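Participant: Just dropping this structure here.
The values are calculated or read from the model by the stated rules, or taken from the named source; none is laboratory data. All figures in this text were calculated on a predicted structure; none of them were measured in a lab. Heads up, the Cβs are rebuilt from the backbone with ideal geometry, glycines too, and the neighbour counts pull from every protein chain shown. Surface accessibility is based on the protein's heavy atoms, side chains included, excluding ligands, DNA and RNA. Shrake-Rupley method; radii C 1.70, N 1.55, O 1.52, S 1.80 Å.
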Amino acid sequence: MNQKLVQAKLKDTSSPKEKNFELDCSVAGYDYTLPPELIAQNPAVPRDSSRLLVVNSPTTGAETEASHHIFHDLPALLRSGDLLVMNNTRVIPARLYGHKNTGAKIQVLLLEERQYNCWLALVKPGKSFKQGTKIIFEARQTGTGGWGLEIGDWEDSSLVPSPQSPVPSPKLTATVLETDAATGGRLLQFDVPEGKPLVQLLEVFGEVPLPPYITASSAADEQYQTVYAEQPGAIAAPTAGLHFTPELLQKLRDRNINQAFVTLHVGVGTFRPVEVEDVTTHQMHEEWIEVPAATVEQIRATKAAGGRIIAVGTTAVRALEGAAKSGNLQAFCGKTDLFIYPGYQWRVVDGLITNFHLPRSSLLMLVSALIGRQRLLNIYLEAITFGYRFYSFGDAMLILPEAIRVLSQA
């Protein structure tokens, strides 16, 4: 018999559980169709007025529907003694526009600092960025006509305005050192005033990068930051945290629902698509995380008292589970390439607050590891039916611990 026919016959006779396993391991199993009008272009105002789909039963997404709430209902949906773990990373103005000496326009998205003022970056157009290429960036214009820098920030006197000359636009230059094989990006060495790290100048030269599916937004930069963002270094926001307001955080504390913080600087590992058909062979790019000892102690104390650990966003999940990769949660500062997909053995996280993610993304696979792939797709279909807003500025989903069951029984 023809080998392809044999394979087809085997697939036809496999059990539903075997077919589900095949789809769990296939990137095609994480596909769904989203009407374009459901891609949120602007955040909800106020932040906590976004909608919240709650998965609160082991049968939600299978036999029963989810329950529908507003995000400011969160204090009533959690229990006294629960602990919310949040990612306090802050998005940097990582997108820069410039030109080469020839005048050709270029675009740069900074990813991470590899050495002092030497950054890995994604570049457009890629073919233009050969080794030794010089790039010139100009400051963004401000409403006051100035350029946002103190005179002492620059040693080049030609950039210092005089009473007889108009305010010039300061320039920033970089040189392409080499190509990074893992990302297809470039290593750029920036020439900045001595003693000035590039990150301090990005407010002048860069802009906060919004994801490419946000094409018609009027949001201010601060609306793409969480209200508790403190540690600069991310190139994208941990979007599940965008729904919190200071008032909501206080209401949660008033109900003895406490907060702890980790840091994961969202980078290419979070938003790069899964480009292999077999998801088990996908290699995540490393991202920098810090799980402080104080947070570890809060988690241990919460669990000892019978509380639940609710991660706010998939980045908080990766930080916590990455710090527990050895089997036990420990304070950790470094990089993680942890990739979570169905079959993963959870060590720290009990529940999750998350936005709705892109098809075929590693984030969709992570959430599937918590409640099951087909079940999650059923919940997404319900969210689409009820007109939920998707992606970074969209609505949220709360997966409660009581909704999680052993996936082998799902």
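Participant: Just to verify a result, which residue in region 44-73, among those that are of a type outside the set (D, E, K, R), over 25 Å from the mean Cα position of the chain (by Cα) and open to solvent by 50 Å² or more (accessible area, probe 1.4 Å), is nearest to Arg373 (Cα to Cα)?
Facilitator: Of everything passing the filter in region 44-73, Ala62 is nearest to Arg373 (Cα to Cα).
Participant: For region 370-388, state whether one or more residues are over 24 Å from Pro212 (Cβ atoms), open to solvent by less than 10 Å² (accessible area, probe 1.4 Å) and of a type in the set (Val, Ile, Thr).
Facilitator: Yes, because at least one residue in region 370-388 is over 24 Å from Pro212 (Cβ atoms), open to solvent by less than 10 Å² (accessible area, probe 1.4 Å) and of a type in the set (Val, Ile, Thr).
Participant: For Tyr228, state whether it is of a type outside the set (Val, Ile, Thr), in contact with a strand residue (DSSP E or B) (Cβ under 7 Å, 6 or more places away or on another chain) and open to solvent by 30 Å² or more (accessible area, probe 1.4 Å).
Facilitator: Considered against the rule, which asks whether it is of a type outside the set (Val, Ile, Thr), in contact with a strand residue (DSSP E or B) (Cβ under 7 Å, 6 or more places away or on another chain) and open to solvent by 30 Å² or more (accessible area, probe 1.4 Å), Tyr228 comes out as no.
Participant: Give me the pairs, please: first residue somewhere in region 97-109 and free of Cβ contacts under 8 Å to residues at least 12 places away in the same chain, second residue anywhere and open to solvent by 40 Å² or more (accessible area, probe 1.4 Å), beta-carbon distance under 6 Å, and either six or more positions apart or on two chains.
Facilitator: Qualifying pairs under 6 Å: Lys105/His99.
Participant: Then there's this: So Arg347 clears everything in (1) open to solvent by 10 Å² or more (accessible area, probe 1.4 Å); (2) within 27 Å of Ile214 (Cβ to Cβ); (3) not small (Gly, Ala, Ser) except one condition, right? Which one?
Facilitator: (2)
Participant: With respect to the numbered conditions (1) open to solvent by 10 Å² or more (accessible area, probe 1.4 Å); (2) closer than 16 Å to Val349 by Cβ, which one is the sole condition not fulfilled by Ala316?
Facilitator: Checking Ala316 against (1) open to solvent by 10 Å² or more (accessible area, probe 1.4 Å); (2) closer than 16 Å to Val349 by Cβ, the one that fails is (1).
Participant: Quick check on my filter: what residues within region 231-260 are open to solvent by 70 Å² or more (accessible area, probe 1.4 Å), in contact with a helix residue (DSSP H, G or I) (Cβ under 9 Å, 6 or more places away or on another chain) and under 22 Å from Ala323 (Cβ atoms)?
Facilitator: Pro232
Participant: Of all residues in region 279-313 being open to solvent by 60 Å² or more (accessible area, probe 1.4 Å) and acidic (Asp, Glu), which is farthest from the chain's Cα centre (by Cα)?
Facilitator: Glu297
Participant: Right, something else. Could you count how many residues in region 35-51 are under 11 Å from Thr245 (Cβ atoms) and of a type outside the set (Gly, Ala, Ser)?
Facilitator: 4
Participant: A further question on this structure: Within the group Thr183, Thr215, which residue is surrounded by 16 or more Cβ atoms within 10 Å (Cβ to Cβ) and polar (S, T, N, Q)?
Facilitator: Thr183
Participant: Inside region 43-132, counting only strands (runs of 3 or more DSSP E) that do not spill past its ends, which hold 2 or more residues that are more than 30 Å from Ile379 (Cα to Cα) and aliphatic (A, V, I, L, M)?
Facilitator: Here the list reads 105-115, 118-124.
Participant: What pairs come up if the first residue lies in region 374-386 and is closer than 16 Å to His69 by Cα and at pLDDT 95 or above, the second is open to solvent by 80 Å² or more (accessible area, probe 1.4 Å) and not acidic (Asp, Glu), and their beta carbons are under 9 Å apart, counting only those six or more places apart or on different chains?
Facilitator: Cβ pairs passing all conditions: Ile384/Thr33.
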